[in-house]
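Working notes for the structure below.
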Amino acid sequence: MKTSISASKQYVRCLLSKSSITTHVRPISVAPDSTQSPSQELTQSIITQLKTTDDWTADTNLNQELLSLSPQSLIEIAREFETSSKALKFFNFIRDNPSPSPHPPPLDSIFQTVIGLTIREEDYVSIVGLFNLSKELKVPLTAHSAIRLISYFFRVKKVQESVLVYDELDPDAKNTNVKNILLDLLLKYERFDDARQLLDEMLEPNAKFPPNETTLNILFPFLLRRHWDNVTDNFIGLISKFGVHGVLPDKVFLTQLITKLCRSYRNDNAWDLLHELMKFGKMKAAPCNALLSALAKERDYKKINLFLKEMKENDIMPDIVTYGMVVNHLCKSRRVDEALDMLKKMKEGNDGISIKPDVILYNTLIDGLCKVGRQEEGLALMEQMQLEDNCIPNVITYNCLIDGFCKSGEIERSRELFDQMNNEGVDPNVVTLNTLVDGMCKHGRISNAMDFFRKMQDEKGIKGNVVTYSTLISAFCNVNNIEKAMRLFDEMESIGSPDALAYYSLISGLTLAGRPDDANSIASKMKKAGFRMDLVTYNTLIGGFCRKKKLDKAVEILKDMEENEVKPDGVTYNTLIAYFSQNGDFESAHKFLKQMIIDGNVPTVVTYGTLIHAYCLAGNLDEALDIFEEMLISSKAPPNTVIYNILIDSLCKNGKIEHALSLMDGMLQKGVRPNTTTYNAMLKGLSSINKLSEALRLMDQMTNQACNPDYVTLEILNDWLEKVGEIEKLRMFVRGYQVSSVASTT
């Protein structure tokens with residue numbers, strides 16, 4: 001860490017020539033205490049003379065008295081000077097005049113005072129000059145002087161000068177405090193190589209000046225602030241070395257470090273660090289809990305069990321947080337039986353020491369049981385917590401159980417628990433309200449939910465929140481009670497801002513009710529309220545306008561969607577292609593198909609199917625067949641049974657029976673299985689040209705493929721086969737089949 005500062009006697013001359021400076025350390029005492037010793041009285045007398053004499057160096061008696069003083073007295077006098085120039089003059093006098101005292105004058109301590117005064121005066125040039133003067137005169141800097149200089153150069157951002165001060169120090173002056181000051185400076189200025197070198201010096205097994213807690217307090221905050229990819233890997237190994245010197249991080253710092261390592265996906269580093277520190281003992285549960293939490297998130301239960309065992313072996317007692325955290329992650333992983341076993345071990349204790357579970361841990365277990373449909377066991381556990389551990393259930397306990405029974409459809413049991421919590425003096429909260437309202441709505445009891453909501457408002461003063469209103473709005477929309485949903489929405493607006501879910505629910509409900517204009521009006525309100533419409537909402541509106549044949553409005557929504565940088569998906573384009581083609585606007589439909597491909601959305605069987613069906617309905621069979629051929633040749637979506645059925649039915653209706661038969665043969669060759677609809681279309685076409693042999697072949701094929709006829713099949717075959725005297729074949733055909741009274745639609 002070597003560098004250089006050019007020495008210049010000009011700095012010293014400048015300092016000596018300065019006149020009075022008002023900054024001072026402390027005022028000179030002029031009235032000696034009557035209890036002072038003769039030596040102290042002499043010291044105070046000299047201080048008074050120095051204070052009142054302009055040129056004290058010319059006073060021979062005063063000079064002799066000065067030189068006769070003890071080193072401690074000289075230090076005391078030096079500290080009384082008001083300015084650095086006077087203090088330096090005093091230093092030069094003591095240095096230049098031999099002392100009759102048997103003890104050498106304390107030049108280093110006097111010079112320390114000069115440095116301190118100069119630093120207070122903030123004179124950078126003079127400070128540098130003094131540092132160089134100490135080297136020229138071979139006056140060693142004290143540790144205190146070094147700290148003052150290093151700190152000053154750091155404050156004025158002269159890092160190299162700080163490093164040089166340290167390098168020039170006598171080895172005995174490079175104590176732990178000096179090293180700590182420099183370490184802090186080096187880390188703040190990201191001089192990591194120099195900082196590492198300094199730490200290595202301190203961490204040597206037989207270091208004269210080893211690290212202390214201050215060293216660790218400097219290093220740890222730095223480690224916690226850094227990006228791990230930079231320097232932390234180099235420093236992590238240092239932590240265990242502190243233990244060799246009996247310096248270990250406190251549990252707060254260590255917990256923070258372990259937490260940050262785990263959040264940076266460095267569980268292995270955290271694991272190694274804790275195991276290294278376990279060798280030195282004195283480990284607490286908190287940092288171990290941080291690692292256990294990370295392992296639980298990764299569901300690494302093998303390591304969790306191993307670490308818990310090692311904690312026991314190293315006399316690190318798990319606390320309630322340890323158990324609660326492991327139980328929580330076990331429950332989230334639906335390993336509730338293991339969590340219950342953990343509760344048992346916790347209560348039984350290890351080595352005769354048991355931990356009493358608290359309400360938080362019980363609530364975690366009860367919630368875990370309810371989440372896997374074991375709410376009865378959760379209810380029994382609530383009774384256990386009261387009887388065995390005198391642990392009083394709170395609102396969270398009841399909310400977990402109420403939610404469990406609601407999800408299983410046992411609304412009455414949920415209401416009973418609600419009444420029980422009221423009887424036991426546990427006040428419900430908005431979560432209780434929302435849980436019961438949601439449960440009732442999902443199980444078709446919307447009126448009960450609404451009544452319960454109003455009762456909670458009136459009797460308990462629980463007004464409900466956006467979740468409450470959104471749940472009710474969505475429920476009323478689902479049963480097509482749009483007017484009630486709208487009134488709730490207006491009520492919600494009057495007491496506070498609706499959330500995105502409320503807007504989405506109402507937009508969806510209005511659209512499904514065939515009111516896309518009203519839905520679009522709510523969407524405008526939503527945007528004004530600062531919410532961003534998502535892809536699903538845009539698709540809902542586009543679909544609503546298309547079903548009402550308001551295709552221009554659908555296109556407007558598409559433009560708004562693009563302007564708001566919401567990218568259309570396959571659902572968007574398939575909806576537009578379907579309705580434009582159904583409306584006979586094939587030009588627009590193909591334009592959307594082209595744009596769909598440009599946007600990176602792959603056309604699906606639905607895309608092609610809607611176009612083929614629309615062309616068939618429009619009587620343009622050739623275009624439909626062209627699209628079909630395109631699917632066969634280049635599409636990643638091969639035709640399915642539905643598309644084959646559409647084409648076969650259209651070919652038969654247009655008298656192209658042979659083409660339809662050929663298409664059906666191709667269908668079988670490509671492994672696409674015909675269904676009843678396929679056979680019905682084909683049989684009806686064959687009956688129109690009285691091609692009985694082919695019809696009988698298809699009947700046999702249906703039998704072989706176990707394809708059940710429906711009533712449409714019988715209507716087609718009954719009159720035809722009876723006319724040609726083949727009614728017995730029909731009886732044989734339907735024997736053993738359960739003929740559906742509903743026509744096949746696929």
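Values quoted throughout were computed directly from the atomic coordinates according to the rules given, and no laboratory measurement underlies them. Computed from a predicted model, the values in this text were never measured in an experiment. We place every Cβ from the backbone using ideal geometry, glycine too, and count neighbours over all the protein chains shown.
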- Angle, helix 84-96 long axis vs. longest principal axis of the chain, Cα atoms, 0 to 90°, nearest 10? 50 degrees
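Tally Lys and Arg at +1 and Asp and Glu at -1 over the other residues with C-beta under 12 Å from the C-beta of Glu562: what net charge comes out? Walk me through the numbers on the way to the answer.
Working: positive: Lys559, Lys567; negative: Glu556, Asp560, Glu563, Glu565, Asp599.
The answer is -3.
Two decimals, Cα atoms only, Kirkwood Rh: what is Rg/Rh over the chain? List each step's numbers first, then the result.
Details: Rg = 45.1 Å, Rh = 36.5 Å.
Taking Rg over the Kirkwood Rh, I get 1.24.
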- Item | Alpha-carbon Rg/Rh ratio, for segment 52-125, with Rh computed the Kirkwood way | 0.97
- Item | Karplus-derived HN-Hα couplings along segment 712-722 (A = 6.51, B = -1.76, C = 1.60, θ = phi - 60°), whole Hz, x at Gly and Pro | 5, 4, 5, 4, 5, 7, 4, 5, 5, 5, 5
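If you put +1 on each Lys and Arg Cβ and -1 on each Asp and Glu Cβ, how big is the dipole of the chain around its Cα centre, in Debye rounded to 20?
620 debye
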- Item | Using θ = phi - 60° and Karplus 6.51 cos²θ - 1.76 cosθ + 1.60, couplings along segment 437-454 (whole Hz; Gly, Pro as x) | 4, 5, x, 5, 5, 5, 10, x, 10, 5, 4, 4, 4, 5, 5, 4, 4, 5
- Item | Convex hull of segment 566-734 built on C-alpha atoms - directionally averaged projected area, nm² | 10.6 nm²
- Item | In order through segment 274-287: 3J(HN,Hα) via Karplus (6.51 cos²θ - 1.76 cosθ + 1.60), integer Hz, x for Gly, Pro | 5, 5, 5, 6, 4, 4, 9, x, 6, 7, 9, 6, 4, x
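Count charges around Ser109 for me, please; just the other residues with Cβ under 15 Å from its Cβ, Lys/Arg as +1, Asp/Glu as -1. Could you put the intermediate results ahead of the total?
Numbers: positive: Arg79, Arg95, Arg148; negative: Glu76, Glu80, Asp108, Asp170, Asp172.
Net local charge, Ser109 excluded: -2.
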- Message: Compute the orientation-averaged projected area for segment 564-644 from the convex hull of its Cα atoms and round it to one decimal in nm².
- Response: 5.2 nm²
- Query: By a straight-distance test (C-alpha under 19 Å), which lysines pair with Lys179 as possible cross-link partners, with residues fewer than eight away in the same chain excluded?
  - Reply: Lys2, Lys157, Lys158, Lys188, Lys208, Lys241
- Message: Applying a 10 Å radius around every beta-carbon, put 432-443, 695-706 in order of their mean neighbour count, most first.
- Response: 432-443, 695-706
- Stick to the Cα atoms of segment 526-595, pair each with every other, and give me the Kirkwood hydrodynamic radius in Å at one decimal. 12.2 Å
- Item | Charge-dipole axis of the chain as Lys and Arg at +1 and Asp and Glu at -1 on Cβ define it, positive-most pick from Asn289, Phe476, Tyr166 | Tyr166
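Compute the normalised compactness of segment 315-404: alpha-carbon radius of gyration over 2.2 N^0.38 Å, N being the residue count. Provide the component values of the computation, followed by the final result.
On the way: Rg = 12.5 Å, N = 90, 2.2 N^0.38 = 12.2 Å.
Rounded to two decimals, the normalised Rg is 1.02.
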- Query: Any idea what the alpha-carbon Rg over 2.2 N^0.38 Å comes to for segment 102-233?
  - Reply: 1.13
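Summing +1 for each Lys or Arg and -1 for each Asp or Glu, what net charge is found among the other residues whose Cβ lies under 13 Å from the Cβ of Asn422?
On the way: positive: Arg415, Lys455, Lys460; negative: Glu416, Asp419, Glu424, Asp427, Glu459.
With Lys, Arg at +1 and Asp, Glu at -1, the net is -2.
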- Task: Filter the chymotrypsin sites (Phe, Trp or Tyr not before Pro) in segment 240-283 down to the DSSP loop ones having no more than 13 other Cβ atoms within 10 Å, then list what survives.
- Result: Tyr265
- By average Cβ neighbour count within 10 Å, what is the ranking of 378-386, 323-331 from highest down? 323-331, 378-386
